Amino acid sequence: MDKNTLLRILSNYNISSVSVYEEIDSSKGDDYRLNVIVDKKYVLRVNNPVITEERLESIERLCGRYRDIGVLAPHLFKNIYGKYLTPYENHVCYISEYLDYQLEKEVSDNFDHTQVRQEVLKSIGRLSKKYSDIDLSPINSMWSLIDLAPLDIEVDEKQENFNMLVSKLKRLGKFRLAKKAIAFNEEKRKRIKSVYKNLPRCVIQGDLNDSNILVHENHFVGLIDFNMAGTEVNINHFCAETNGFMEKEDFKSKSAADFFDQWILKQNEELNIILSEYEMNVLEQSVIEDYRSICLISQYSNVMDYLYFLKHDKAKTLELLELILSR
């Protein structure tokens, strides 16, 4: 984007000068995303025209909620017409505040990620405690189970991931294990489906990762990128965020049983951090283990690892899957 074009767009937001700007193009296929950082004060965001005023209004409210619990989140600015959106060619653009902090993914090797992780988890509990069932968004988060998120087609993402795993087991001739997995998944989902409409939920940022987490002096200070924000069942959110990632070296060096035990122990520790800020009701307590089981068997990162490990150590991977299905 040339400077004159940038200035024309910015003039709609009463911004009349630009000293330095940097373009970051994160487009993927038809998903057009161009961010222009202006003088380290503003971010001009150019997207496909699927984003709406209502969506941005919802995001601005959510950012205010994060700020209210002590987590920085960028303000959105309205233009001279009282709208967030301004047309640009075949796209739309809007402006958010630039938060001048380091991303967690950019920090040095001696950075204390453990401290940041604990603070992020605590913020999940605080947000859920304060804003459960308040002014929910009609858009579901990327973690949604049973209900569909914007990118889901026919089934939720975890069911789609699970179907991939089952197909792989059948191709390997593991029909008994595939059948057991299907029964396990159906049983957990049936119990969740019977109550999930009555479970507390709130609107969340929905994409917690080191490219969206802002840090300062070994502490978590804020969040950016609210494109995936949406309403989520609290305990589903808790389980998805504490599901963790498999470390390939741990899997290679440990027995399936030891690996599984340590994985569950780590999940318990992280879940307890969230629950130090949030008290589950009786209904949540009755199905949280079902949500955890669904995450274990069908969260995207896990399924990708299972498929990888089946190629490199089939026997141990099958043993791990048996342990999960026996919870």
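For residues that are among the β-branched types (V, I, T) and touching a strand residue (DSSP E or B) at 6+ places or on another chain (Cβ under 8 Å), scanning just segment 223-263, find the one that is farthest from S141 (Cα to Cα).
Among residues in segment 223-263 that are among the β-branched types (V, I, T) and touching a strand residue (DSSP E or B) at 6+ places or on another chain (Cβ under 8 Å), the one farthest from S141 (Cα to Cα) is I224.
From the list S293, S286, exactly one residue is of a type in the set (S, T, Y), assigned by TED's automatic domain parsing to the domain that holds V166, surrounded by fewer than 17 Cβ atoms within 10 Å (Cβ to Cβ) and at pLDDT 95 or above. Which is it?
S286
Return the residues of segment 179-230 that are of a type in the set (V, I, T) and either surrounded by 17 or more Cβ atoms within 10 Å (Cβ to Cβ) or under 30 Å from E97 (Cα atoms) (or both); say none if nothing qualifies.
I192, V203, I204, I213, V215, V221, I224
Given E279, E284, E270, which one is of a type in the set (D, E), under 27 Å from S141 (Cα atoms) and under 19 Å from the mean Cα position of the chain (by Cα)?
Answer to the selection: E270.
Quick grid of which residues meet (1) in a helix (DSSP H, G or I); (2) under 19 Å from the mean Cα position of the chain (by Cα):
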position	(1), (2)
L34	no, no
L44	no, no
L56	yes, yes
C63	yes, yes
R67	yes, yes
G82	no, no
Y94	no, no
Q115	yes, no
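What is the residue count in segment 84-141 for residues that are aromatic (F, W, Y), under 22 Å from H219 (Cα atoms) and at pLDDT 95 or above?
Selection size over segment 84-141: 2.
Within segment 117-160, how many residues turn out to be farther than 15 Å from D210 by Cβ, of a type in the set (V, I, T) and part of a helix (DSSP H, G or I)?
Number satisfying all stated conditions: 1.
Would you please name the residue that is surrounded by the most Cβ atoms within 10 Å (Cβ to Cβ), looking only at residues in segment 296-307 that are touching a residue at least 60 places away in the same chain (Cβ under 8 Å) and of a type in the set (S, T, Y)?
Once the filter is applied, the top-ranked residue is S298.
What pairs come up if the first residue lies in segment 36-61 and is at positive phi, the second is polar (S, T, N, Q) and assigned to a loop (DSSP other than H, G, I, E, B), and their beta carbons are under 8 Å apart, counting only those six or more places apart or on different chains?
Listed pairs, sorted by first residue: D39/S19.
The values are calculated or read from the model by the stated rules, or taken from the named source; none is laboratory data. All of these numbers come straight from a predicted model, not from anything done at the bench. Glycine also receives a Cβ, built like all others from the backbone with ideal geometry; neighbour counts cover every protein chain displayed.
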